[in-house]
Amino acid sequence: MTLQSNGAISFSNINVELGLSSTAQLSIGGAAARALAGVASGAISLSNFYGKTNYLDQQTITNGVTGDKGGSYYGYKGFSPTCGSISDGTFNPYSGAAIQGLYWTSAGSVIFRVAGSQSNSGWTTVQFVRSSDGQTLTLNRANGSYSNAGSYTQWTWTGYSSFNPFPTSSSTTTANFT
C-alpha cells in the first residue's frame with residue numbers, strides 16, 4: 001500500500017510499507033528505508049516518506065467488460081476487443097513498456113500482457129486488490145505460463161474460475177507488483 005500523502009506518519013507505517021512487522025526496529029539510515037524515502041545520503045525526515053510505495057509498480061484498473069466468440073473479458077484489455085482503462089499503463093520493471101492487458105477471462109484465467117519482448121524476470125508477484133470488497137489475489141510470476149511472441153510478452157495463470165479480480169464494470173482494482 002502507498003504511504004499517506006499528508007498528516008501524521010509513523011515508523012510503524014514505514015515498517016509495514018517495507019514488509020516488516022509494525023513493531024520492528026527500523027534503521028532509518030538503512031538501505032531499504034533510504035530507497036523508500038528516495039534519499040541517497042544525508043538526513044532523512046519522516047516527510048520524505050509521504051506518498052511513497054515499496055512496490056516496483058502499481059496500477060489502478062477501472063474495470064470493463066467485453067466479449068467475443070472466445071468468451072468474456074473483465075478488467076483492462078488494450079487490444080481488440082478492448083475494455084476498461086488503466087492508471088498510467090506503463091510497467092516500471094521493463095523501462096516503461098506499455099501494459100496491454102491485466103484481465104480475467106470467463107474461462108478462469110488471469111492474464112498480464114506487456115508490449116515487446118520481455119524477459120521472465122524483473123518482478124516476483126502481482127497482488128490484485130478489489131475496491132468493491134477489499135478481497136485480494138496474489139499471483140507468483142514463476143507460477144504463470146510465460147510466453148514471448150516478440151511484439152508482446154504474456155503471463156497466464158489458470159484455475160481462477162471462482163475468483164475474478166475485476167468483478168464489476170466501472171469498479172476499480174489495484175495491481176501491486178513486487
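Only the coordinates and a few stated rules stand behind these numbers; no lab work does. Treat the numbers as computed from the prediction; the structure is a model and nothing was measured. So basically every Cβ, Gly included, is an ideal-geometry build from the backbone, and we count neighbours across all protein chains shown.
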Problem - So Tyr160, is it of a type in the set (Ser, Thr, Tyr) and assigned to a strand (DSSP E or B) - result: no
Practice task
Could you grab me the full set of residues in segment 116-140 that are within 16 Å of Asp57 (Cβ to Cβ), out of contact with any helix residue (DSSP H, G or I) (no Cβ under 8 Å at 6 or more places or on another chain) and touching a residue at least 40 places away in the same chain (Cβ under 8 Å)?
Solution key: Gln127, Phe128, Val129
Problem - Test result for Thr82, in contact with a Gly (Cβ under 9 Å, 6 or more places away or on another chain), more than 18 Å from Thr158 (Cα to Cα) and loosely packed, with under 15 Cβ neighbours inside 10 Å - result: yes
Completion exercise
Taking first residues from segment 47-70 that are over 17 Å from Ala175 (Cα atoms) and second residues anywhere that are assigned to a strand (DSSP E or B), the pairs with Cβ under 6 Å that are 6 or more apart or on different chains are Val65/Tyr74; Val65/Cys83; Thr66/Tyr73; Thr66/Cys83
Practice task
Could you pull out the residue among Tyr94, Tyr103 that is within 16 Å of the chain's Cα centre (by Cα) and surrounded by 23 or more Cβ atoms within 10 Å (Cβ to Cβ)?
Solution key: Tyr103
Exercise for the section: Taking Asn143 as meeting all but one of (1) touching a residue at least 24 places away in the same chain (Cβ under 8 Å); (2) surrounded by fewer than 18 Cβ atoms within 10 Å (Cβ to Cβ), write down the number of the exception. Expected result: (1)
